[in-house]
1. Of the conditions (1) modelled with pLDDT under 85; (2) in a loop (DSSP other than H, G, I, E, B); (3) loosely packed, with under 13 Cβ neighbours inside 10 Å, Leu460 fails just one. Which one is it?
2. Check every one of the helices (runs of 4 or more DSSP H) wholly within region 56-142 and list those with 1 or more residues that are out of contact with any helix residue (DSSP H, G or I) (no Cβ under 8 Å at 6 or more places or on another chain) and of a type in the set (Gly, Ala, Ser).
3. So which residues in region 370-379 are assigned to a helix (DSSP H, G or I) and either modelled with pLDDT under 95 or more than 25 Å from the chain's Cα centre (by Cα) (or both)?
4. Return only the number of the condition from (1) touching a Ser or Thr at 6+ places or on another chain (Cβ under 8 Å); (2) assigned to a helix (DSSP H, G or I); (3) surrounded by fewer than 18 Cβ atoms within 10 Å (Cβ to Cβ); (4) not acidic (Asp, Glu) that Gln354 does not satisfy.
5. Looking at this structure, is Leu330 farther than 20 Å from His415 by Cα and either surrounded by fewer than 16 Cβ atoms within 10 Å (Cβ to Cβ) or modelled with pLDDT of 95 or more (or both)?
6. Conditions: (1) closer than 30 Å to Asp80 by Cβ; (2) of a type in the set (Lys, Arg); (3) part of a helix (DSSP H, G or I). Lys170 meets all but one. Number of the miss?
7. Being under 25 Å from Ser430 (Cβ atoms) and modelled with pLDDT under 95 narrows it down to one residue among Lys390, Lys352; which is it?
8. Applying the selection to region 387-427, what residues are out of contact with any Leu (no Cβ under 7 Å at 6 or more places or on another chain), among the basic types (Lys, Arg), exposed (fewer than 15 other Cβ atoms within 10 Å of the Cβ) and not in a helix (DSSP H, G or I)?
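The values are calculated or read from the model by the stated rules, or taken from the named source; none is laboratory data. Bear in mind the structure is a predicted one, so any value in this text is a computation, not a measurement. When we count neighbours, we look across all protein chains shown, and the Cβ atoms used for this are built from the backbone with ideal geometry, even at glycine.
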Amino acid sequence: MVIHKFKLLTTNSRQISGSSQIFRRLCTSMSEKPPAVPRELDKHTLYSRLSSIWSTGEKIPDILDQFSRNNSNKSTKYNDDLVFCIKKFRKYRRYQNCLEILEWMEKSKMDHSEHGLHLNILCKVKGIDEAEKFFDSLPPGVKKGFLYGALLNCYCSNKMTDKALAIFEKMDEMKYASNDVAFSNLMCLYMKVEQPEKVPPLIEEMKRRNIPLSSISYQTWMQSYACCNDLEGVERVMNEAQKHESIKDEWKLYANFASAYIKAGQNQKAHPSLKKAEEILDAIYPDRIAYHHLISLYASVGDLESVTRAWGKLKSKFKACNNISYICMLHALSKVDNIEQLKICFEEWKSKYQSYDLRIPSIVIGAYLRHDMLEEAEQLLKDATERSGKKVWNAHVSFMYYFLRKRLINSAFRHLEVAMANQWKPLDGSLDPFIEYFIEEKDVYSAKQFCQILGKGHPLLSSAYLGLLRTYAAAGKTAPELRQMLVQDGANIGTEHKELLEKVCPN
C-alpha cells in the first residue's frame, strides 16, 4: 500500500463534474388538470408522469399512492422502474425528488438493493451526517465494495480529506480498491482541494497495479495538467488516451482537450478538438447534455456559426427542447453577444414552453441591460413577475449591477433589497463593486445605507465592515461607534481591520 505518500492538504476549491460521473458508474404554466395515472406503466411513461410535477405542482408521493391503488401487484419490475426514475431525476440533479421516491418505497415496504444510490441521494439532500447514519444502519452483509465506494464518493464530494483517505485505506485492505473508480474519486478530491499536482502520482499508482484507466481517469488527469498550465502534459495524456479505442464517452476527452486550450487562451487550437467531439456526438445515440456542453464550449471561443449549428442538431435529434436546453442556448448567445439571435431564441421558447422557468427571462434581462436596453428589460421583468407570481431575484441582481455601473446608487439599493428579500445570498466578492463605488465617491452616507440593508435580521459580515472602514478612511472621517459594532456582531477582525480602526475609530 503506497497511497499514504499522497497525503492531501485541505483547501477550498471550485467543484468539477467528475465525482458525479463516477457515482453514476457506481451505482410551465400550471396545467389546468394533472394527467391521470394510467393503470399500466412502463418505466419511461412512469418517469414522464412523475416529472410532470414541475408543471402541475403535484407531489410525487401522491402520484405514487394513486398508482399503488390502481396496481395492487407491486412486482420486482415496478421496483426496477422506480429505480430507473430515481436515476433519471438524479441525472438532472432533482435530488429531492429522488429522495421522495426512495422514502415512498420504504414507507410502502418495497425492497430495493440500491443502497449506494440511496446513500448518495441522502448525502445530496440531507448532508453527510445522515449518509453516515444510513451506512452504519445497514447490516454487514450488504456493505460490499459498491457501498464503500458510494461513501468514499460522498466524502470526496464534500472535500472531507481525512475521512476519504481513511475509507480508501479500508477499501484497499478489503480488496475493494482494485478498479479505477476509487482512484478516480481521490483524483477528483485532489482537484476539488486545488492540488492538481497530486493527480499524476495516483495515475502512476494505478498503472503500477495494472488498473486500466477509464475515460474519467483520463479526463481528470488531463484537467490536472491544464490547471497547472502544462499544455505539454495535456497533450501527452491525449496522445495516450487516443491509443485506447475502447474508451467510453470519447467525445468528453476531446471536449476536455479543447477546454484546456480555451483555458490557456489558445482558441484556435481548441477548434479541431471541438469539431471532433461534434462528429462523435453526431454518430452516437442522442445525448442532450452532451450537446449542451458542446454549445457552451463553442460559445467560449466566440464561434456563433458553430453554436447555431450544434443547436440545430440538438433540436433535430429530440422531439422538443426542454427549458434546460433553452437556458444553455440563451447563455451561449449572451456570451457571444448576439442580441438579435437571443431575442429570436427567447421568442421561440415563449411560444413553446411547458413550464415558465424564471431563469430564462433572467438571462435575457441580463443581456438587455448589457446593451442598455433598459425599457425592454424592465418590461420583461414585469411580465416575468406577473407570469410566475414570484420575484425574479437573479434578474434584480442584474438590475442592481446595471444601476451601479450607471452610478445610480439609490436604484441599485432598491434592487439589492428586493433580491435579498427573496433569498439571494451574495457570494464572496459579489458586492465588491458597491465598496469600490463608496471609496471612489467617498460616500460615507451610502456606505452606511448599504450596511443597513445587509444587516437586516442578521449581523454584518467582516467584509462589509471592512468596506465601511475603507470608505470612512478614504473620506477622511471618523466613526467611533464602529469599533463597538464590530465587537457586538462578532466580526472577524483581521490585520487590515485593526489598521483602519486606528484611523477611523481613534481611542
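1. (3)
2. So the answer is 60-70, 128-137.
3. Once the filter is applied, which keeps residues that are assigned to a helix (DSSP H, G or I) and either modelled with pLDDT under 95 or more than 25 Å from the chain's Cα centre (by Cα) (or both), region 370-379 yields Leu374, Glu375, Glu376, Ala377, Glu378, Gln379.
4. Unmet condition: (2).
5. For Leu330, the condition - farther than 20 Å from His415 by Cα and either surrounded by fewer than 16 Cβ atoms within 10 Å (Cβ to Cβ) or modelled with pLDDT of 95 or more (or both) - is met.
6. Against the list (1) closer than 30 Å to Asp80 by Cβ; (2) of a type in the set (Lys, Arg); (3) part of a helix (DSSP H, G or I), Lys170 comes up short only on (1).
7. Lys390
8. Passing the criteria: Lys406, Arg407, Lys425.
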